1. What is the set of long-range amide H partners of GLY351 at a cut-off below 5 Å, with H atoms built 1.01 Å from backbone N?
2. Can you check what the Kirkwood hydrodynamic radius comes to for the stretch 590-667, Cα pairs only, in Å to one decimal?
3. Rank ALA517, SER84, VAL167 by how far each Cα sits towards the positive end of the charge dipole of the chain (+1 on Lys, Arg Cβ; -1 on Asp, Glu Cβ) and give me just the farthest.
4. What is the dipole size for the chain, taken about its Cα centre, with +1 at each Lys and Arg Cβ and -1 at each Asp and Glu Cβ, in debye to the nearest 20?
5. What pairs in LYS218/LYS342; LYS176/LYS431; LYS485/LYS550; LYS108/LYS431; LYS431/LYS550 have C-alpha atoms more than 21 Å from each other?
6. Can you pull the percent of Cα pairs in the stretch 527-586 with separation above 15 Å?
7. Aspartates and glutamates near LYS487 by alpha-carbon distance under 20 Å, same-chain residues fewer than 8 away left out - which ones?
8. Can you give the three extents of the C-alpha atoms in the stretch 517-659 along their principal axes, from longest to shortest, in whole Å?
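All of the numbers you see were taken from the coordinates with simple rules; none came from a lab. All figures in this text were calculated on a predicted structure; none of them were measured in a lab. Here the Cβ positions follow ideal geometry from the backbone for every residue, glycine too, while neighbour counts run over all protein chains shown.
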Amino acid sequence: MSDLIDRLKQRKVTKRSAKVSLEGRVLYLVDDADAIQRQLQGEDLSPQHGLDYRDNISTDEMTPAYVCYYHDETLGEFPYVGYSAGGEFPFTRNSVKEGGFAASVSGKRRGKGSSREASPYAELCAGIHLVFAENIERIYQQNCHNLGLLTCTDLSVLDRLLEGEVVSLDDFTIGKDPVTTQIIEWGGLFEFNLARVQGQVDLPGPKLSDGPQTITQKIFASHRVIDSSTYEVGAKSAVVGDAGFFATDLRFSHEYVTPMAATFFEEKVGKGEPLNDPESIILFRDHLTFLEQAMTPERKKMGLLNTAQQLKIKQEQFAETYDLTLHGETEHGGSEAICHSKMLQDYALPGHLIIGSDSHTPHSGAIGCVAFGVGTTAIFNSWITRDVYSLVPESVRVEVKGKRPDGVTAKDMMLAILRTPYVADGHAIGKMVEYCGEAVKELSIDERATMTNMAAEVGAFSGIVVPDEKAAEFMVNERGMDPAKAKAYCEGLESDPGSEYCHEIIIDAEALEPLVALPGDPGNGLEISKLEADVRIDIAYGGSCTAGKKEDMDMYAEVLIAGLERGERVAEDVEFWIQFGSQEVKEYCREKGYLEVFEKAGAQVIEPSCGACINAGPGISRSPDQVSVSAINRNFPGRSGPGQMYLASPLTVAASALAGKIVAYDG
């Protein structure tokens with residue numbers, strides 16, 4: 001590895017210009033399809049247009065799943081093609097690129113959802129270099145910085161640019177930490193890292209604190225890179241807001257991201273150059289194993305199935321070149337496991353710092369890891385340095401107090417959290433969510449993983465639960481670990497009394513009842529009892545990393561067994577799909593007799609894969625009039641087909657499959 005660093009030290013790298021001008025048009029992402037169309041046809045809206053900006057524009061809308069089959073500059077033909085305004089989809093292939101836009105403006109929570117770097121890369125390749133919004137989601141914004149896009153939440157800067165003023169780059173670094181500022185100044189993360197190995201950057205040492213530390217601060221402190229030249233790691237404490245580089249224990253990516261990261265690595269570093277600590281790099285083929293069954297004939301005619309197949313091939317070639325662990329397809333179809341399921345099941349340990357190429361990487365926080373999603377550029381840079389740039393995030397304390405009523409699950413608790421004003425208005429963006437309270441402590445690791453997994457929907461940095469005896473038991477039962485060793489991993493990993501939190505959310509578990517999230521956003525939580533009318537369903541889906549775990553299978557089986565005892569099966573004209581999160585979960589179902597239960601009840605089982613959750617497998621809707629109730633994590637427009645999707649718990653999904661309409665399970 002030292003030979004590679006020596007070669008990188010010889011590369012020429014220069015800072016970007018300190019002046020910024022607007023060299024193109026401004027695209028206003030408003031909630032009016034006609035106004036969008038007029039802009040695409042050449043009309044420039046006035047900055048005082050008076051129209052409402054679109055809030056909550058997800059990366060699923062910026063670059064729908066099928067767009068991510070491309071992993072090169074072809075992405076520039078597709079930005080915003082999944083963007084909806086009033087039910088219309090005004091953007092088409094090449095419409096942004098041909099429009100000559102240099103800046104894009106929107107409202108709150110821009111870039112929420114998936115960590116896919118394809119979204120800002122598509123914008124960049126289409127000519128957009130400036131991104132403005134009221135507030136911006138963490139991973140999307142970091143991906144922008146890593147690629148060299150400039151982001152800003154001060155629209156007065158845009159006004160000055162429109163008046164022809166050349167503004168300072170400082171206008172785009174105000175409020176940023178010293179490391180982020182330098183990444184922006186150097187034009188991207190790779191360029192910054194070149195300057196870093198050459199000693200051209202100013203990396204401040206870690207800030208230390210004598211005060212109490214949260215579990216998050218403790219884990220960041222233990223992984224802090226003190227000296228990049230000697231790779232000394234470990235500080236005594238960490239201060240919230242301090243920025244630096246942190247050594248990773250594990251790095252993983254899947255077939256949507258590995259090919260682009262490999263291409264970046266080969267183009268910027270060189271083919272065949274060594275990876276840093278390849279033993280801690282894990283690859284997955286888990287997203288697109290059932291794509292052929294879900295892809296429409298029209299998209300097959302476009303050649304997209306073959307394009308997607310190239311992702312698989314590229315990842316396999318890269319894994320073979322570097323002898324990397326690749327959890328791939330099985331002879332049964334599907335995959336060995338969904339990446340998050342496998343990481344928690346086989347790899348993660350309390351106190352680990354883990355990065356993954358997926359927004360639901362926080363899944364492993366269920367046993368006390370700091371696990372967070374990053375984009376393609378961060379992944380490929382970690383192959384060089386083994387570390388990752390981050391701030392030490394603020395922590396939000398989420399206490400779910402009291403005992404849960406029967407029929408209320410971790411998913412219901414999350415839907416209640418997601419609709420709180422603090423979360424819904426974007427105040428939790430980029431913050432660590434520490435879940436605690438009696439109701440959380442009573443949860444199994446599988447159910448805790450539902451909560452940490454859905455920190456992604458909060459817009460959080462990650463989610464974490466302090467590891468306790470249940471975490472130790474999990475490692476003994478799932479890994480065969482010695483009990484004393486398992487207990488030792490958990491010791492010292494708690495938040496000190498008096499630790500500082502930026503906000504506290506308190507949920508009264510005893511007041512909860514089963515909820516659904518209405519179509520469009522996971523934050524649209526509503527008690528099922530308050531639905532104004534019956535919601536007939538066409539599809540019920542139980543699966544994904546969020547709801548394909550062993551305890552989720554227990555819940556599906558509980559409902560179906562009770563239904564069979566009453567002489568009920570899956571309602572006529574309803575499809576009920578149950579998809580395993582891993583082969584181990586499937587084997588668990590076999591041992592428990594659940595496979596026979598599912599079959600007798602009329603449910604259809606699917607081998608492990610992300611599948612319908614990303615519009616790439618059985619269980620997707622096929623027309624706008626279809627209605628689904630799903631146990632997955634998000635229901636952004638188009639996420640799982642063109643239909644209307646309600647999010648719910650595994651209990652609600654199974655009960656609704658029997659009833660033919662959305663109902664709560666009454667036991």
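1. The list, which skips near neighbours in sequence, is CYS369, VAL370.
2. Numbers: mean 1/r = 0.0745 Å⁻¹.
So the Kirkwood estimate lands at 13.4 Å.
3. The one lying farthest along the dipole's positive direction is VAL167.
4. With only Lys, Arg, Asp and Glu charged at Cβ, the dipole is about 1040 debye.
5. The answer is LYS218/LYS342; LYS485/LYS550; LYS431/LYS550.
6. Roughly 61 percent, once rounded to a whole number.
7. ASP249, ASP346, GLU442, ASP446, ASP468, GLU469, GLU473, GLU478, ASP496
8. Cα spread of the stretch 517-659 along its principal axes, largest to smallest: 38, 31, 24 Å.
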